[in-house]
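Student: First the structure, which I've put down as structure tokens, then a few questions once you've had a look.
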Amino acid sequence: MSKVAGRRASCYNARVVDSTLGRPAGRADVEWMREALAEARQAPAHGDVPVGAVAVAGGLVVGRGHNRREVDRDPTAHAEMIALRQAAQVLGGWRLRDVTLYCTLEPCPMCAGALVQAQVGRLVYGADDAKAGAAGSVVELLRDPRFNYRVPVTRGVLAAEAQALLGEFFAALRERRIDE
Ligand SMILES: [Zn+2]
């Protein structure tokens with residue numbers, strides 16, 4: 001019994017707890033989320049809100065992206081959409097059941113819709129988005145039993161870091177507006 005418990009302890013990082021499913025987030029989740037945060041940090045360089053995503057399959061990154069809405073003048077250029085599109089190209093198909101998508105922010109309705117369409121194996125996200133989140137904050141699109149595919153979700157992984165990035169970005173934006 002202690003053997004099993006020991007293995008479990010080494011697999012999971014007890015600091016991060018998934019409040020949605022009551023399942024502890026894995027150490028790997030934290031590591032992949034750091035990659036997503038690194039993506040997010042690239043967005044402000046071109047005036048975009050810092051949100052990042054990485055798509056992981058078989059222990060490898062198969063897609064990555066950060067918000068490019070402003071620089072691309074594209075309302076669909078969200079981090080998740082970019083990462084999913086790239087993953088589909090890398091894996092050679094639109095069905096992404098072997099993919100776990102890590103995103104720094106709770107997906108919006110468009111991205112949640114894309115996750116369902118892609119039949120993504122699992123979503124792990126950081127901060128909740130009280131204004132636009134479609135994983136339960138505003139609407140719940142990922143686990144609605146009326147759809148024929150539901151995406152397992154782990155939330156709150158490195159949420160404070162993701163939130164801090166957003167906070168810094170918007171604070172700098174406000175400061176710039178006051179200076180002008
Ligand atoms: Zn989105």
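What follows draws every value from the coordinates through simple rules; no lab data is involved. Predicted model, so just to flag it, every value in this text is computed and none were measured. With ideal geometry, Cβ positions are generated from the backbone for all residues, glycine too; neighbour counts draw on all protein chains shown.
Student: Across the range 131-180, what fraction of all alpha-carbon pairs, as a whole percent, falls in each successive 5 Å bin from zero upward?
Tutor: 5, 16, 15, 17, 15, 11, 10, 6, 4, 2, 0
Student: If you restrict to DSSP beta bridges whose two residues both lie in the range 49-180, what percentage is antiparallel, to the nearest 5?
Tutor: Looking only at bridges with both residues in the range 49-180, the antiparallel portion is about 60 percent.
Student: Obtain the nm distance between the two label points defined at residue 147 and residue 74 by a simple spin-label model: each point lies 7 Å from its Cα along the Cα-to-C-beta direction.
Tutor: In this crude label model, residue 147 to residue 74 measures out at 2.2 nm.
Student: Then there's this: Largest first and to the nearest Å, give the Cα extent of the chain along each principal axis.
Tutor: 65, 34, 30
Student: Counting just the Cα atoms, what span does the range 53-141 cover along each of its three principal axes? Round to the nearest Å and put the largest first.
Tutor: 33, 28, 20
Student: Calculate how steeply helix 79-91 sits against the longest principal axis of the alpha-carbon atoms of the chain, using the helix alpha-carbon long axis, and give the answer as 0 to 90 degrees to the nearest 10.
Tutor: Taking Cα atoms only, the helix is inclined about 50 degrees.
Student: Classify the range 32-87 as rounded, prolate or oblate from the Cα gyration tensor: take a ≥ b ≥ c as the square roots of its eigenvalues, call it rounded if a/c is under 1.5, otherwise prolate when a/b beats b/c and oblate if not.
Tutor: Oblate shape, in that a/c is at least 1.5 and b/c is the bigger or equal ratio.
Student: In the range 110-176, which trypsin sites (Lys or Arg not before Pro) are in a loop and have at most 11 other Cβ atoms within 10 Å, using DSSP for the loop call?
Tutor: Sparse-neighbourhood loop trypsin sites (Lys or Arg not before Pro): 131, 146.
Student: Taking the Cα-to-Cβ direction at residue 138 and at residue 31 and moving 7 Å from each Cα, how far apart do the two end points lie in nm?
Tutor: Between residue 138 and residue 31, the simple spin-label model gives 3.5 nm.
Student: Taking 0.36 nm per residue of separation and subtracting the Cα-Cα distance, what length does fully extending residue 175 through residue 41 add?
Tutor: 46.3 nm
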